[in-house]
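A.B. asks: Supplied in structure tokens, the structure appears directly below.
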There are 4 protein chains.
Amino acid sequence: MIVVMESGATAEQIEHMAEAVRRLGLRASVIEGTERTVIAAIGEKRADMMESLASGPGVAAVMPIAAPYKLASREVRPDPSCVRVGEFAAGAGAVGVIAGPCSVESEEQIMSAARAVKAAGATALRGGAFKPRTSPYSFQGMKEEGLKLMAAAREETGLAVVTEVMGTDDVELVARYADVLQVGARNMQNYRLLEAVGGAGRPVLLKRGPSATMDEFLLAAEYILNEGNDQLMLCERGIRTFEGHTRFTLPLASISYLHRKTHLPVVIDPSHGTGHTYMVPDLAYAAIAAGADGLMVEVHPSPETALSDGYQSLDFAGFEAMMARCRRVAEAVDQELVGSTVPAS
Amino acid sequence: MIVVMESGATAEQIEHMAEAVRRLGLRASVIEGTERTVIAAIGEKRADMMESLASGPGVAAVMPIAAPYKLASREVRPDPSCVRVGEFAAGAGAVGVIAGPCSVESEEQIMSAARAVKAAGATALRGGAFKPRTSPYSFQGMKEEGLKLMAAAREETGLAVVTEVMGTDDVELVARYADVLQVGARNMQNYRLLEAVGGAGRPVLLKRGPSATMDEFLLAAEYILNEGNDQLMLCERGIRTFEGHTRFTLPLASISYLHRKTHLPVVIDPSHGTGHTYMVPDLAYAAIAAGADGLMVEVHPSPETALSDGYQSLDFAGFEAMMARCRRVAEAVDQELVGSTVPAS
Amino acid sequence: MIVVMESGATAEQIEHMAEAVRRLGLRASVIEGTERTVIAAIGEKRADMMESLASGPGVAAVMPIAAPYKLASREVRPDPSCVRVGEFAAGAGAVGVIAGPCSVESEEQIMSAARAVKAAGATALRGGAFKPRTSPYSFQGMKEEGLKLMAAAREETGLAVVTEVMGTDDVELVARYADVLQVGARNMQNYRLLEAVGGAGRPVLLKRGPSATMDEFLLAAEYILNEGNDQLMLCERGIRTFEGHTRFTLPLASISYLHRKTHLPVVIDPSHGTGHTYMVPDLAYAAIAAGADGLMVEVHPSPETALSDGYQSLDFAGFEAMMARCRRVAEAVDQELVGSTVPAS
Amino acid sequence: MIVVMESGATAEQIEHMAEAVRRLGLRASVIEGTERTVIAAIGEKRADMMESLASGPGVAAVMPIAAPYKLASREVRPDPSCVRVGEFAAGAGAVGVIAGPCSVESEEQIMSAARAVKAAGATALRGGAFKPRTSPYSFQGMKEEGLKLMAAAREETGLAVVTEVMGTDDVELVARYADVLQVGARNMQNYRLLEAVGGAGRPVLLKRGPSATMDEFLLAAEYILNEGNDQLMLCERGIRTFEGHTRFTLPLASISYLHRKTHLPVVIDPSHGTGHTYMVPDLAYAAIAAGADGLMVEVHPSPETALSDGYQSLDFAGFEAMMARCRRVAEAVDQELVGSTVPAS
């Protein structure tokens, strides 16, 4: 960490701060520049305590140097990791597609969706049983009944089941039916939940919060890894910006950045990332071209009558067409869409 | 809700969508404009289901008209509500100040802080016992031991205790010691937690998430109100924007907006809202001038050595000076800082 | 436009506002809903005057329905337009690549860059002669001397020359040497400049301002089209968001949106859009996969010693490798990289 | 500037970068930390050239230490500056209020507005003669005729005239009639215009661009100061964020920050900063409480029929009430509203 002093800082203030650095168990290297002095703090990092130094006398700023996460970093684990569940795989060259409705609404709906996405080449089924809804008056999901229907869909299709868990109390129940536990964007910094899914013995898909920085995202991942669970996927699903013509702004540079900083696979959600059905395929192609390790896509038998998120769901024909082109794009960038080279016909 | 058709929409598409509106139990009023047709959907709102209409044929956009929240709205309860705990009060003309350290660190620290903020005119004590930390490696709080120390501080000073609850499992424990349960910004859309604090029988302070819209904020409040708890304060603590010279951007227009839309008291947190000690007083004055019903301020005996958030904490002298000027500003806008007209001397 | 009344609006207020709508020469259709009344204003739009109605008595909001731009819209011109200059083409299925250094620095630099990008398949050469620099103390460009060097590079390579014009006084001079006039992001709403380049008789590349909405972007385009110039490309180069790990956030959904709303070709700039050399290729592939009509990329013989923007420039080898993969991605989505099928070997 | 190396950087890469720093005429201080090495570059700053070092081998990041502006900084000029024109003054304890319509629409309109704002205590008159409008089809202002009307209003009332100049060609004309030249938010980085107003011999009010960082804002100011003009006011008028319930988000922490970094007076525009008439007074009080040196407020005889910006304009009664309370708030924070202690009665 670098402590930057004000240009008018006195010798006493500089010594005071150097001493403060030493008191934290670090070595202080004082560098006198032409305009101002900086103090480099050397040693094992204790970033959070050092931040308070910013309120010291004559201090202009405190700048961190080292990344605050460890287990998630490529420095600790240089090779990309891969999450595998049944036929589904994401990472290390494999691209896995997770598709299905926003919410499980009925047996017919989830079974037909499962068959359709399987036929088009998906290897995992998404579907919400516990739904985090902005309004308490909105449809909140079918709960355990929904989980059972998803498990039945897995029986028939072999698709891995990915579903959201909203609270620590539900982790055990959801883990009983699901293959992958999803932590939603609203809960990215619900640390109790991160700890609980970290200890649940199931792979986890962690969605980025809409205003989370990359450091915050990777530190949230660190909470899960820190519980001993390294079957973890990161999911970029868009950030909140001033743009109003999309539901969120989907920053695909996240893929390049995360691949450089972490070994964890990166999944892109073009449905939430755009909020408009007609944009989903374009952004799916783009995600794969940029090197994504997976896609998460909302597909519904009849988007117009969906109980949630119909405005961003593909119908079956739309999904099938998208998958065909996704395969070609994956090939063009030397990636492989797992399970989709020989779609069920 | 208004369904806006594309300018080239066919008569069939228009009729299809009008029928879709009727199927939801609403009346459809079709208005043919010069350039395009819009369909007004009239009746009791079912906003979430209507959103899926956006994927219908020929539809350009679906625009909500009615506010999605009810219990929080001034239309349901026209007069401002006031939250009172002991000497502390916020709302309906009363301005309450909540002050204290970010984290409870030791008996000496919290007791000296409690005495100092009480002497300067605060009526509630803040202090974290369970700390939501971005990194799993940061200090996580003293937990129950911290709660006990805060309760002891209340015994001596009479200050109301405000402290954060991070998970549903902790609600009962925290409610045993605290006067006001705080839901942090990271948990604003942790719906399980909102329901739990809604049912805990204690006043609640709900912090705005850094990327929450006002509708999302008020709908989170609605989750709490919906459990029968109307002792609720909203706390604006800054939003995430492109600005890097402050930790968050603190939008004081939230006060005007919320006062127009909801009866709930609005508390401003200039500490998190700016992230720099030297800015806190200016923004505290501004908040009161703009009509805030309360302030939440970080105060620490020695900010430079704080275990968390020292960079944005006031020391005792700084807080005392700030309070003196706050009183004058409150007077200038015909508000009253409760408990501070006769500070302990 | 829809005038939404407050839920408590009186009959008089409603009639007052209906009358105000009529006074603007529009027809007012009053729709009484269950909770509130809305007034649809029907007729030829005069959006800017209607906005002031928002301050009328009992008005909750005024919501525009029609797009505010005309000449840029697909409603006026349904087929995609294509901008062609020499071998360069963008739009209607053709993908054109513009490449070269941020600034023209010397004859050797620009000539070697021109040869290298031509060999790799670019059909236009970028290079700044007049540089808009954040600081008055930064290198401001070689001015006319730089223009002459670019013209010389065109002589040798046949590449179309794309360069920025910063002020109305320079338009004539720049138009003498350049094939395409670029309006930079900082000047997107410099209306005097838009009018001047609109009348200069040269194709224009208009960059999106970092906080411009799509409507603002298209209205800026409208200023140029309105001068009778329809040889216009739109360039998405990233928006300002809270993200700090990239220079800007590059929203590729802009491609899908703009293709739906306007006939104008859409060029993506992954160099400014990310600000990091290592991210540029990934985002270039993504842009083409998402349907971009062109790319604008910074390429420099020695990025590390560039007088500007070296941190986001590719070297020659990096650009060549990128172009090879771009061709494959374009093919995968049925687009064609013009001029690059038979690269100089 | 600090060059941060990747944690795996080789000795050769480190030496290569140290040499690159030296080649720029700086001293390189290499600091080996526990996890990674940083190189401090010491000497006179050449920030823009150093940025390209970020593309060097093994470099993780380049972090600037010194502020990039000089003439605007308090390090160069420690005491606050004050801009005075007639009775108007802003800075160094004086708070000046600039009020009037968005656009000059007619003689009657501007004269009545001038009288009303003067009577309420304003010391400067705003009014647009050349209007930068998002759409080319919107009312573009009365041009020279508007300037003449404002000059006539000054004759009668003594108010200083503040009006926007949109292009270099208009600077001379506008400077003939106006007392203060305003550079609008859209033109904050129109460097040609900044240079032109810097040399026009008139005080300047520079508005912050809606996505400008503080460094960019102060560097834009530097362009003007660099032309020898130090009669300069900075105006915060709100930034673009995800918030949709206000037109922009108005960050009052800008006042504290700018007062710490620059000697230039800071004016707040609560009209554009909120976009809603009902919010303007609250934010005006807040701005003064936070230490603003001036206000810029839109006032119109009949907001509902204004040709522009009616939705955010106060009527005369609203402005008068606001000014009365502004005086009380200014007093509470030991500031003085110039010209308003003895309002015309």
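The values are calculated or read from the model by the stated rules, or taken from the named source; none is laboratory data. A quick note: this is a predicted structure, and the numbers were derived from the prediction, not measured. When we count neighbours, we look across all protein chains shown, and the Cβ atoms used for this are built from the backbone with ideal geometry, even at glycine. Accessible surface areas use protein heavy atoms only, side chains included; no ligands, DNA or RNA. Shrake-Rupley method; radii C 1.70, N 1.55, O 1.52, S 1.80 Å.
A.B. asks: Using only C-alpha positions, report the orientation-averaged shadow area of the convex hull of chain C, nm², one decimal.
C.D. replies: Over every viewing direction, the Cα hull of chain C projects on average to 19.7 nm².
A.B. asks: Now for a separate question. Sorted from largest down, give the three principal axis spans of the alpha carbons of region C:213-289, whole angstrom values.
C.D. replies: That works out to 40, 25, 19 Å along the principal axes.
A.B. asks: Mind checking which of A:T213, A:T34, A:T157 has the largest fluctuation in a GNM of chain A, springs on alpha carbons under 10 Å?
C.D. replies: Largest GNM mean-square fluctuation: A:T34.
A.B. asks: Accessible area drop of at least 30 Å² (1.4 Å probe, protein heavy atoms): which residues of region A:287-322 qualify, relative to the chain alone?
C.D. replies: Residues of region A:287-322 that lose at least 30 Å² of accessible area once the other chains are added: A:A289, A:A290, A:E304, A:L307, A:Y311.
A.B. asks: Run through all the Cα pairs of region B:72-158 and give the fraction in each 10 Å bin from 0, expressed as whole percent.
C.D. replies: P(r) for region B:72-158, in whole percents per bin: 17, 38, 26, 16, 3.
A.B. asks: Here's a follow-up. Using the 7 Å Cα-to-Cβ label point, sort the distances from B:G228 to its equivalents in the other copies shortest first and give them in nm to one decimal.
C.D. replies: 4.1, 7.6, 7.8
A.B. asks: Determine the sum of side-chain charges near D:V280: Lys and Arg each +1, Asp and Glu each -1, restricted to other residues whose C-beta is under 15 angstrom from that of D:V280.
C.D. replies: It works out to a net charge of -2.
A.B. asks: Can you list residues from other chains, or at least 5 along the same chain, whose modelled amide H is less than 5 Å from the amide H of C:V59?
C.D. replies: Those qualifying (amide H under 5 Å, at least 5 residues apart or on another chain) are C:E6.
A.B. asks: Kirkwood Rh and Cα-based Rg: tell me the resulting Rg over Rh for region D:218-345, rounded to two decimals.
C.D. replies: My calculation puts Rg/Rh at 0.99.
A.B. asks: Still on this structure: From the backbone phi of region C:263-276, what are the Karplus-calculated ³J(HN,Hα) couplings (6.51 cos²θ - 1.76 cosθ + 1.60, θ = phi - 60°) in whole Hz, Gly and Pro given as x?
C.D. replies: With coefficients 6.51, -1.76 and 1.60, one gets 8, 6, x, 10, 9, 10, 10, x, 6, 5, x, 10, x, 9 Hz.
A.B. asks: Let me ask something else about it. Which whole-Hz couplings ³J(HN,Hα) result when phi for each residue of region D:6-22 is put into the Karplus expression 6.51 cos²θ - 1.76 cosθ + 1.60, θ = phi - 60°, listed in order with x for Gly and Pro?
C.D. replies: 4, 5, x, 4, 7, 4, 5, 4, 5, 5, 4, 6, 4, 5, 4, 5, 4
A.B. asks: What residue in chain D has the Cβ closest to the axis turning D into C, and how close is it in whole Å?
C.D. replies: D:S211, 2
A.B. asks: Also, I was wondering about something else. Per residue and in cubic angstrom, what volume does the convex hull of the Cα atoms of region D:168-242 have?
C.D. replies: 77 Å³
A.B. asks: Using θ = phi - 60° and the Karplus form 6.51 cos²θ - 1.76 cosθ + 1.60, what ³J(HN,Hα) does each residue of region A:58-67 get, whole Hz, x for Gly and Pro?
C.D. replies: Karplus-based 3J(HN,Hα) across region A:58-67 equals x, 8, 8, 6, 10, 10, x, 10, 7, 5 Hz.
A.B. asks: Something else: Please report the spacing between the Cα centers of region D:201-258 and region D:57-88 in Å, no decimals.
C.D. replies: Measuring centre to centre over Cα atoms gives 13 Å.
A.B. asks: About the Cα centre of the protein assembly as shown, what is the dipole size in debye to 20, counting +1 per Lys and Arg Cβ and -1 per Asp and Glu Cβ, all else neutral?
C.D. replies: 0 debye
A.B. asks: Over all directions, the average projected area of the alpha-carbon convex hull for region D:181-224 comes to how many nm²? Could the numbers behind the result be given before it?
C.D. replies: On the way: hull surface 10.1 nm².
Hull-based average projected area comes out at 2.5 nm².
A.B. asks: Additional query: Would you pull out the residues with amide H under 5 Å of A:S308's amide H, same chain only if 5 or more places away, H placed 1.01 Å from N?
C.D. replies: Placed amide hydrogens put A:S103 under 5 Å from A:S308.
A.B. asks: Okay, moving on. Starting from the Cα of C:K118, draw a straight line to each of the lysines and keep only those under 30 Å, dropping any in the same chain fewer than 8 residues away.
C.D. replies: C:K131, C:K143, C:K148, C:K207
A.B. asks: Continuing with the same structure: Using modelled amide H (1.01 Å from N, peptide plane; none on Pro or chain starts), what sits under 5 Å from the amide H of C:M142, excluding residues fewer than 5 places away?
C.D. replies: The list, which skips near neighbours in sequence, is C:V104.
A.B. asks: Put +1 on the Cβ of every Lys and Arg and -1 on every Asp and Glu Cβ in chain C; which of C:V174, C:G146, C:T134 then has its Cα farthest towards the positive end of the dipole?
C.D. replies: C:V174
A.B. asks: Based on a Kirkwood Rh over C-alpha pairs, give the Stokes-Einstein translational diffusion coefficient of region D:151-192 at 25 °C and viscosity 0.890 mPa s in µm²/s.
C.D. replies: Estimated via Stokes-Einstein, D reaches 222 µm²/s.
A.B. asks: About the Cα centre of chain A, what is the dipole size in debye to 20, counting +1 per Lys and Arg Cβ and -1 per Asp and Glu Cβ, all else neutral?
C.D. replies: Here the size comes out at about 180 debye.
A.B. asks: Distances from C:E35 to the same position in the other copies: list them in nm, one decimal, shortest first, using label points 7 Å from Cα along Cα→Cβ.
C.D. replies: Result for C:E35, in nm, nearest copy first: 2.8, 4.9, 5.4.
A.B. asks: Using unit Cβ charges (K, R positive; D, E negative) and no other charged atoms, how large, in debye to the nearest 20, is the dipole of region A:54-167 about its Cα centre?
C.D. replies: The dipole magnitude comes to about 320 debye.
A.B. asks: In terms of the ratio Rg/(2.2 N^0.38 Å) built on C-alpha atoms, what value belongs to region A:1-97?
C.D. replies: On the way: Rg = 20.1 Å, N = 97, 2.2 N^0.38 = 12.5 Å.
Normalised by 2.2 N^0.38 Å, the Cα Rg of region A:1-97 equals 1.61.
A.B. asks: Let me ask something else. Output, in nm with one decimal and in ascending order, the distances from the B:K148 label point to the matching label points of the other copies (7 Å from Cα along Cα-to-Cβ).
C.D. replies: 4.7, 8.5, 8.5
A.B. asks: In what order, largest first, do A:H300, C:H276 sit by accessible area if the probe radius is 1.4 Å?
C.D. replies: Correct descending sequence by accessible area is C:H276, A:H300.
A.B. asks: Given a 10 angstrom Cα cut-off, can you work out which residue in C:V329, C:V161, C:V59 is the most mobile in a GNM of chain C?
C.D. replies: C:V59
A.B. asks: Cα centroid distance between region A:279-295 and region B:169-193, in Å?
C.D. replies: For region A:279-295 versus region B:169-193, the Cα centre distance is 39 Å.
A.B. asks: Sticking with this one: With the alpha-carbon atoms as the only input, what is the per residue convex hull volume for the protein assembly as shown in Å³?
C.D. replies: 156 Å³
A.B. asks: Can you tell which of B:E12, B:E87, B:E236 shows the greatest fluctuation in a Gaussian network model of chain B with Cα springs below 10 Å?
C.D. replies: Among B:E12, B:E87, B:E236, the largest GNM mean-square fluctuation belongs to B:E12.
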